[in-house]
Amino acid sequence: ARIKGDYRFELGELASTLNYMAQEIARTNQIKDDFISSISHELRTPLTSIKGWSETLNSGGYDPEETKIGMQIISKETDRLIGLVEEILDFSKLEQDAMKLVMGTVDLRELLQEIMLNVWAKAEMKQIKLQLDSEEEAYLVHGDGNRLKQVFLNIADNAIKFSHESSIIFLSLQKIGDNIEVSVQDTGIGISAENLARVRERFFQVDHQNGGTGLGLAISQQFVERHQGQMLIKSELGAGTTITVSLPALQAEQPVEPPQLTEG
Ligand code: ADP
């Protein structure tokens with residue numbers, strides 16, 4: 001009777017393990033399907049535009065002004081493609097745990113100022129103002145400058161994308177205990193509590209009409225974690241979103257290293 005009982009137990013356990021594995025495989029397949037459909041769509045849009053404009057320009061007969069506009073669109077759409085491909089490569093490297101960080105000393109204040117310059121034109125198109133609130137001093141962390149830049153660029157890009165015209169985005173830097181906190185606060189469309197729980201998931205987007213891949217926050221979250229930091233997202237639907245990234249401040253005894261560039 002004892003053996004019979006054991007068998008039943010083992011079979012039950014085996015069945016639930018198999019069931020769990022089947023669910024995992026289904027989940028992974030679903031993620032792959034979502035990935036392929038979202039990426040294909042994102043790649044097709046710029047490619048269609050590049051192909052259309054290059055054929056038009058190739059057929060000739062356009063005045064210099066029209067030619068210039070066509071060339072600018074081709075260049076902008078090519079940049080968009082490069083950005084997408086880089087995002088996909090980063091994501092796949094992170095998934096395979098093959099992402100190497102190139103650590104150095106990073107001044108987050110300098111980094112944020114650089115980011116404000118980077119997104120300035122995008123903000124300007126919507127008459128959005130960016131305001132940085134910080135002391136006039138260095139906010140040093142030990143990290144990979146290029147990767148941290150990607151994190152804050154993604155957060156700032158989203159803040160602009162989901163903000164209303166003529167609004168203000170507040171960026172702030174604070175030293176709190178042993179950490180440095182960077183906050184990006186917008187007064188845009190906000191995120192419902194239900195969606196907030198999911199925005200860091202890979203490929204998740206509240207609305208698929210806004211472009212993007214849904215990978216930005218998933219990648220940012222992983223980069224922040226790789227820096228022993230934390231990312232906190234607070235949001236209220238219709239009122240706005242605040243994303244706060246907290247990173248360990250460089251301690252006095254840590255040597256100050258020269259900034260380095262990430263290879264590849
Ligand atoms: P992507 O920007 O490529 O869609 P992200 O991972 O960066 O991907 O963001 C995922 C989703 O989270 C966005 O599609 C959007 O629905 C929501 N989101 C992110 N940031 C904000 C924000 N500042 N305001 C409102 N919604 C946001």
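A few comments on the model shown:
- Being open to solvent by less than 60 Å² (accessible area, probe 1.4 Å), modelled with pLDDT of 95 or more, within 21 Å of PHE152 (Cβ to Cβ) and part of a loop (DSSP other than H, G, I, E, B) is a description that does not apply to ILE233.
- Residue in segment 47-55 that is under 30 Å from ILE155 (Cα atoms) and within 24 Å of the chain's Cα centre (by Cα) present: yes
- Test: residue in segment 203-215 that is surrounded by 13 or more Cβ atoms within 10 Å (Cβ to Cβ), over 23 Å from GLU137 (Cα atoms) and either more than 9 Å from the ligand (Cβ to nearest atom) or acidic (Asp, Glu) (or both): no
- Scan of segment 106-136 for residues that are of a type in the set (Asp, Glu) and within 22 Å of GLU181 (Cα to Cα), ordered by number: ASP107, GLU110, GLU114, ASP133, GLU135, GLU136
- Going through (1) buried (at least 17 other Cβ atoms within 10 Å of the Cβ); (2) at pLDDT 95 or above; (3) of a type in the set (S, T, N, Q); (4) in contact with a Leu (Cβ under 8 Å, 6 or more places away or on another chain) one by one, SER220 falls short only on (4).
- Failed condition for ASP97, given (1) touching a helix residue (DSSP H, G or I) at 6+ places or on another chain (Cβ under 7 Å); (2) on the phi > 0 side of the Ramachandran plot: (1)
- Extreme residue, least open to solvent (accessible area, probe 1.4 Å), among residues of segment 153-178 that are away from the ligand (no atom under 13 Å from the Cβ) and of a type in the set (A, V, I, L, M, F, W, C): LEU173
- Pairs where the first residue, in segment 204-221, is under 15 Å from GLU95 (Cα atoms) and the second is of a type in the set (A, V, I, L, M, F, W, C) and assigned to a helix (DSSP H, G or I), C-beta under 6 Å, 6+ apart: LEU215/PHE91; ILE219/PHE91; SER220/VAL151
- Members of segment 15-40 that are without any contact (Cβ under 8 Å) to a residue 40 or more places away in the chain and closer than 15 Å to GLY211 by Cα: ILE36, SER37, SER40
- Restricting GLU42, GLU24, GLU13 to residues that are more than 30 Å from ARG198 (Cβ to Cβ) and in a helix (DSSP H, G or I) narrows the list to GLU13.
The values are calculated or read from the model by the stated rules, or taken from the named source; none is laboratory data. Everything numeric in this text was worked out from a predicted model, so none of it was measured. FYI the Cβ positions are ideal-geometry reconstructions off the backbone, even for glycines, and counts take in every protein chain you see. Each accessible area value is taken on the protein alone, full model and side chains, heavy atoms only, with ligands, DNA and RNA left out. Shrake-Rupley method; radii C 1.70, N 1.55, O 1.52, S 1.80 Å.
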